[in-house]
Amino acid sequence: MKRSFITVAVIAIFLLFFISCYYDNEEALYPTLNSSCDTTNVTFSGTIAPMLNNNCYSCHSDATASFGAGIHLQSFSDVVTNSARVVAAIKQTGPYPMPPGGKLNSCSVTQYDIWVRNGMPNN
Ligand code: HEC
């Protein structure tokens, strides 16, 4: 009986410790980002499309999709349609890590995440 009380007390103290250290801010959520990564003005036209253009359109533009298994990532609606797969691909958590043979910088991965979290606006 006494021992179970001590166990509960220890767990409670640990929980308190972890809760008190929880900061829901950008630095804590994305510790690897440097200050030059713009996480506030993330837009489709200014952030997402240029990133895809630089890293993906050799195989996923409307003209080149035959090199990328027929996955189109050029028009806004095609990007939205494929977005869940894009997230898995660029986070490299799924079966097809993208781009092949490399990884995007963490800023681009985070910006894509932010765009998805914002509801994939066409801005
Ligand atoms: C050199 C060509 C090439 C480049 C560059 C490339 N891909 Fe791909 N991608 C492929 C191929 C080929 C496949 C088909 C899967 C496979 O065979 O590996 C594919 C598949 C995919 C898929 C579908 C995965 C699934 O779940 O079915 C997504 C999403 C994707 N690529 C996103 C991207 C993104 C985003 C980029 C840029 C960051 C990118 N790709 C860059 C060739 C490429």
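One table, with the values for the structure above:
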| item | result |
| --- | --- |
| Residue that is farthest from the ligand (Cβ to nearest atom), among those in segment 63-73 that are out of contact with any Cys (no Cβ under 7 Å at 6 or more places or on another chain) and open to solvent by 80 Å² or more (accessible area, probe 1.4 Å) | A63 |
| Whichever residue in segment 43-71 is farther than 15 Å from P99 by Cβ and of a type in the set (S, T, N, Q) and, among such residues, is farthest from the chain's Cα centre (by Cα) | S66 |
| Pairs, first without any contact (Cβ under 8 Å) to a residue 40 or more places away in the chain in segment 107-123, second of a type in the set (A, V, I, L, M) and part of a helix (DSSP H, G or I), C-beta under 6 Å, six or more apart | V109/I90 |
| One residue from N82, N54 being near the ligand (Cβ under 9 Å from one of its atoms), at pLDDT 95 or above and more than 16 Å from M120 (Cβ to Cβ) | N54 |
| Top-ranked residue in segment 75-107 [being in contact with a helix residue (DSSP H, G or I) (Cβ under 7 Å, 6 or more places away or on another chain) and open to solvent by 20 Å² or more (accessible area, probe 1.4 Å); ranked as farthest from A49 (Cα to Cα)] | G94 |
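The values are calculated or read from the model by the stated rules, or taken from the named source; none is laboratory data. All of these numbers come straight from a predicted model, not from anything done at the bench. Don't worry about glycine lacking a Cβ; one is built from the backbone with ideal geometry, like all the others, and counts go over all protein chains shown. Please note that ligands, DNA and RNA were not included when accessible areas were found on the heavy atoms of the full protein model with its side chains. Shrake-Rupley method; radii C 1.70, N 1.55, O 1.52, S 1.80 Å.
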